[in-house]
1. Going by C-beta contacts inside 10 Å, put Lys5, Lys30 in order with the fewest on the left.
2. What does the extension gain come out to for Asp6 and Arg45, with contour length at 0.36 nm per residue minus their alpha carbon separation?
3. Using the Karplus curve 6.51 cos²θ - 1.76 cosθ + 1.60 with θ = phi - 60°, work out ³J(HN,Hα) for each residue of segment 29-45 in order, rounded to whole Hz, and write x for Gly and Pro.
Amino acid sequence: MILEKDLDRIIEIAWEDRTPFEAIQFQFGKSEQEVIEIMRANSKRSSFKMWRKRVQGRATKHLKLRSAGVTRFKCTLQKQASMNKISKR
């Protein structure tokens, strides 16, 4: 069972362009397929379709598709997150 605050954070991370599915797996133990199911269950149909179109094949959402020079989970401008605890800059 997923806590509501964790569910909200998973959805938020899933919408971020530069945060790969592997980061969600690392923080919450949810595979890409599980994230897709979460997004489907917790989004309007049109929002889910838009999200799927946006992330499907996107290099920044899949570590295997990223260039070797990108070694971080997130954009340098995002808030710092450590084990799902968000801290201020």
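1. Numbers: Lys5 9, Lys30 20.
Least crowded to most crowded, the residues run Lys5, Lys30.
2. On the way: separation 39, 0.36 × 39 = 14.04 nm, distance 2.15 nm.
Value of the extension gain: 11.9 nm.
3. Coupling constants for segment 29-45: x, 9, 6, 4, 5, 5, 5, 4, 5, 4, 5, 4, 6, 10, 10, 5, 4 Hz.
Read the figures in this text as sums done on the coordinates, not as results from a lab. These numbers were taken from a predicted model, which means no experiment stands behind them. All Cβ positions, even for glycine, are placed from backbone atoms using ideal geometry, and neighbour counts span all protein chains on display.
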